[in-house]
Amino acid sequence: MLVLGKQHIFSKLELETLQKKFTTIDFVEYKEIDSKEVIKQIASTVTKKEKTLIVLNTQALVPDELLRYLTKLEQEGIQYLTIQSFMEKYLYKCYIPPNHTDISFLEEIKPFNLFERSIKFVIDYGITVIILTLTFPFILYAIYRIKKESDGPIFFKQKRLGQNGKEFTCIKFRSMSIDAEKNGAQFATVDDERVYPWGKTMRETRIDELPQLWNVLKRDMYLIGPRPERKVWTDEFEKEIPYYNERHIVKPGLTGWAQVLYPYGANAYDAKQKLMYDLYYIKHWSLWLEIKTIFKTIMVVLSRKGV
């Protein structure tokens with residue numbers, strides 16, 4: 001794999017994912033460099049490998065001379081992709097350009113149609129009933145342990161943003177002390193001191209999320225979709241990511257594509273990374289993607305990667 005340009009700076013997580021798919025990853029400078037020099041660097045790289053994928057990771061126009069060379073390489077079996085197509089094909093996320101004036105990537109992000117909503121409705125209700133049936137003993141035990149270990153209510157209720165930015169009351173088992181936000185809203189962290197012992201176990205195993213199945217039955221949420229966020233955070237994220245609310249064109253989910261592919265985030269950078277996965281899920285929704293997300297969620301729960 002050869003990356004031409006530095007429009008997108010690959011994160012450590014992205015590089016780790018790509019290293020599982022490509023034997024080597026080479027980078028070639030592009031900005032303010034003569035086309036002949038760029039062609040020379042590409043040629044010296046592709047001749048050393050049997051197959052090479054070239055990623056056009058640049059905002060600059062591709063000169064005719066370089067374009068003719070890339071076309072010639074394509075005829076020889078060497079594929080080239082734009083950074084947008086590459087990220088969707090190999091990283092399963094939609095590329096968001098750093099230039100906020102370029103919003104062409106949003107053109108194909110549309111709400112689910114009637115057929116897609118119907119399929120999700122059947123999946124949501126069917127799986128929710130199964131989960132409630134299988135986890136009922138755990139729900140009773142969770143209530144018992146919460147009462148035993150921590151003073152305060154069993155359930156934690158909080159306003160979250162749903163479809164089209166409308167707020168709804170999200171319900172979870174309370175995993176933190178009742179004065180967890182006495183100093184104002186803040187993100188949860190690994191080994192958060194506000195979490196009591198049984199609360200930590202619930203977060204690791206996702207047991208604390210089970211009451212949200214009621215939100216799914218009420219149709220406030222999907223089983224799978226973007227994570228429901230608080231307005232205080234979406235307002236902050238929108239200052240740095242003007243199109244952040246694009247994720248609200250569909251209902252949020254108890255789990256989601258971003259939640260199973262990206263670690264827990266606590267800032268605007270993480271929010272943008274997760275948004276890329278959320279937009280991919282909305283753009284490429286299919287029954288197969290729904291099944292993959294469910295399977296990956298099960299793997300996350302079994303590996304106890306909750307926060």
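The values are calculated or read from the model by the stated rules, or taken from the named source; none is laboratory data. In this text the structure is predicted, and so the values were computed from the model without any measurement. Virtual Cβ from ideal backbone geometry, glycine too; neighbours counted across all protein chains shown.
Identify, by number, the condition in (1) under 26 Å from Glu88 (Cβ atoms); (2) free of Cβ contacts under 8 Å to residues at least 60 places away in the same chain that Tyr222 doesn't meet.
(2)
Residues of the range 226-250 being within 17 Å of the chain's Cα centre (by Cα) and part of a helix (DSSP H, G or I), which ones?
Trp233, Thr234, Phe237, Glu238, Tyr244, Asn245, Glu246, Arg247, His248, Ile249
Does Asp235 satisfy the criteria of being surrounded by fewer than 16 Cβ atoms within 10 Å (Cβ to Cβ), free of Cβ contacts under 8 Å to residues at least 60 places away in the same chain and either touching a Gly at 6+ places or on another chain (Cβ under 8 Å) or within 19 Å of Cys170 (Cα to Cα) (or both)?
Numbers: surrounded by fewer than 16 Cβ atoms within 10 Å (Cβ to Cβ): yes; free of Cβ contacts under 8 Å to residues at least 60 places away in the same chain: yes; either touching a Gly at 6+ places or on another chain (Cβ under 8 Å) or within 19 Å of Cys170 (Cα to Cα) (or both): yes.
Against the criterion (surrounded by fewer than 16 Cβ atoms within 10 Å (Cβ to Cβ), free of Cβ contacts under 8 Å to residues at least 60 places away in the same chain and either touching a Gly at 6+ places or on another chain (Cβ under 8 Å) or within 19 Å of Cys170 (Cα to Cα) (or both)), Asp235 qualifies.
May I ask you to list the residues in the range 14-35 that are touching a helix residue (DSSP H, G or I) at 6+ places or on another chain (Cβ under 8 Å) and surrounded by 12 or more Cβ atoms within 10 Å (Cβ to Cβ)? Show your work before the answer.
The first filter runs over the range 14-35 and keeps only residues touching a helix residue (DSSP H, G or I) at 6+ places or on another chain (Cβ under 8 Å), leaving 14, 17-18, 21, 25-26, 28-30, 35.
If the condition is that a residue be touching a helix residue (DSSP H, G or I) at 6+ places or on another chain (Cβ under 8 Å) and surrounded by 12 or more Cβ atoms within 10 Å (Cβ to Cβ), then Glu14, Thr17, Leu18, Ile25, Asp26, Val28, Glu29, Tyr30, Ser35 are the ones that fit.
Which residue out of Glu16, Glu29 is over 25 Å from Ala258 (Cα atoms), under 30 Å from the mean Cα position of the chain (by Cα) and not hydroxyl-bearing (Ser, Thr, Tyr)? Even if it seems obvious, please write down each step before you answer.
Numbers: Glu16 fails: over 25 Å from Ala258 (Cα atoms).
From the options Glu16, Glu29, the qualifying one is Glu29.
Just the residues that are within 22 Å of Ser118 (Cβ to Cβ) and among the β-branched types (Val, Ile, Thr), please, taken from the range 194-241.
Val216, Ile224
What residue, among those in the range 105-118 that are touching a helix residue (DSSP H, G or I) at 6+ places or on another chain (Cβ under 6 Å) and farther than 14 Å from Tyr277 by Cα, is modelled with the highest pLDDT?
Pro111
Of the residues that make up the range 81-92, is at least one surrounded by fewer than 19 Cβ atoms within 10 Å (Cβ to Cβ) and part of a loop (DSSP other than H, G, I, E, B)?
The answer is yes; a qualifying residue exists.
Looking at this structure, is Ile249 surrounded by fewer than 19 Cβ atoms within 10 Å (Cβ to Cβ) and within 21 Å of Leu289 (Cβ to Cβ)? Talk me through it step by step, then tell me what you get.
On the way: surrounded by fewer than 19 Cβ atoms within 10 Å (Cβ to Cβ): yes; within 21 Å of Leu289 (Cβ to Cβ): yes.
Yes, satisfied.
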